[in-house]
Every structure is written in structure tokens, then in C-alpha cells.
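The values are calculated or read from the model by the stated rules, or taken from the named source; none is laboratory data. No experiment lies behind these values; they were computed from the predicted model shown. Neighbour counts run over all protein chains shown; Cβ positions are idealised from the backbone, glycine included. Remember, those area values only see protein heavy atoms, side chains included, never the ligands or the DNA or RNA. Shrake-Rupley method; radii C 1.70, N 1.55, O 1.52, S 1.80 Å.
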Amino acid sequence: QVQLVESGGGLVQAGGSLTLSCAASGLTFRRYNMAWFRQAPGKEREFVAATYWSDGSQTMSESVKGRFTISRDNAKNTVYLQMNSLKPEDTAVYYCAADPSVRGTQADEYDYWGQGTQVTVSS
């Protein structure tokens with residue numbers, strides 16, 4: 001079955017950096033769109049970034065544009081989220097999601113999800 005396993009979360013000071021990884025198995029990774037979402041306590045799950053397999057394009061949310069970068073390594077079946085200039089408002093559980101065709105930013109559009117990794121940014 002499809003498994004997505006996130007790693008790389010942790011505690012970091014404001015202005016710092018973290019790189020999240022999501023290792024995928026049970027799917028043809030190179031033919032899947034991969035996305036990152038995040039969810040802060042008491043808030044809805046929010047789109048962060050996505051990378052699309054068919055044309056290599058990417059979409060970033062306005063709140064992270066210029067600070068976060070999404071990338072993928074098809075040979076390793078892994079998608080990454082490089083997060084720089086972190087702010088306390090970036091504190092959330094970060095989730096990896098996968099879908100073979102969706103190119104949207106709504107969480108309910110994605111078929112497969114990881115368990116999440118906590119990112120905490122202290123001020």
C-alpha cells in the first residue's frame with residue numbers, strides 16, 4: 001500500500017532553517033504530484049507547496065513564497081521542503097500528500113497522506 005513518511009521536523013529559532021523530507025513507497029513516485037500542507041492547533045489544514053510530475057512545475061502559497069522551496073528526487077522517491085527564514089507563525093504539523101492527477105491546493109483533493117512532522121519556531 002502507499003506509504004508517505006515525513007521526517008526532519010523539530011524546534012528552531014525564528015530566522016532559522018529546516019529541511020523536511022517525505023519518503024514515498026507503494027506508488028510510482030515519478031508519476032505523482034507531491035504536496036506539503038501544514039496544520040496549526042485550532043486551524044484548518046493549509047496548503048504550502050506542490051510539485052507536479054507532468055511538467056515539473058511548482059506552486060507555492062503566498063505565505064511561504066521566497067522562503068520555502070519544494071523539490072523532489074525521483075530516484076529516491078522523496079520530496080523535500082527547504083524552509084528558510086522561519087517565523088513563529090510557521091509553527092505547525094507539516095504533512096506530505098500525494099495524488100496522481102490533482103493539481104489543486106485543497107487538502108480533500110489529495111488521496112494519500114503521511115502522518116506529519118512537527119515544526120516549532122520559537123521567537
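Scanning the stretch 4-52 for residues that are in contact with a strand residue (DSSP E or B) (Cβ under 7 Å, 6 or more places away or on another chain) and without any contact (Cβ under 8 Å) to a residue 40 or more places away in the chain, which turns out farthest from Asn84 (Cα to Cα)? The residue in question is Gly26.
Keeping to the stretch 47-84, report how many residues are on the phi > 0 side of the Ramachandran plot and open to solvent by 60 Å² or more (accessible area, probe 1.4 Å). I'd like the intermediate steps shown before the answer.
Kept after step one, since they are on the phi > 0 side of the Ramachandran plot, are these residues of the stretch 47-84: 56, 66, 77.
Next, from what is left, pick out any that are open to solvent by 60 Å² or more (accessible area, probe 1.4 Å): 66.
Total meeting the criteria: 1.
When the stretch 23-49 is limited to residues that are of a type in the set (Lys, Arg) and part of a loop (DSSP other than H, G, I, E, B), the one that is farthest from the chain's Cα centre (by Cα) turns out to be Lys43. Only residues that are loosely packed, with under 14 Cβ neighbours inside 10 Å and either among the β-branched types (Val, Ile, Thr) or assigned to a strand (DSSP E or B) (or both) were counted across the stretch 3-18, and they come to 4.
Residues of the stretch 66-123 that are in contact with a helix residue (DSSP H, G or I) (Cβ under 6 Å, 6 or more places away or on another chain) and of a type in the set (S, T, N, Q): Asn74, Asn77, Ser123.
On the basis of being open to solvent by 50 Å² or more (accessible area, probe 1.4 Å), in contact with a strand residue (DSSP E or B) (Cβ under 7 Å, 6 or more places away or on another chain) and outside any strand (DSSP E or B), does Thr105 make the cut? Yes.
Number of residues in the stretch 85-102 that are open to solvent by less than 50 Å² (accessible area, probe 1.4 Å) and part of a helix (DSSP H, G or I): the value is 1.
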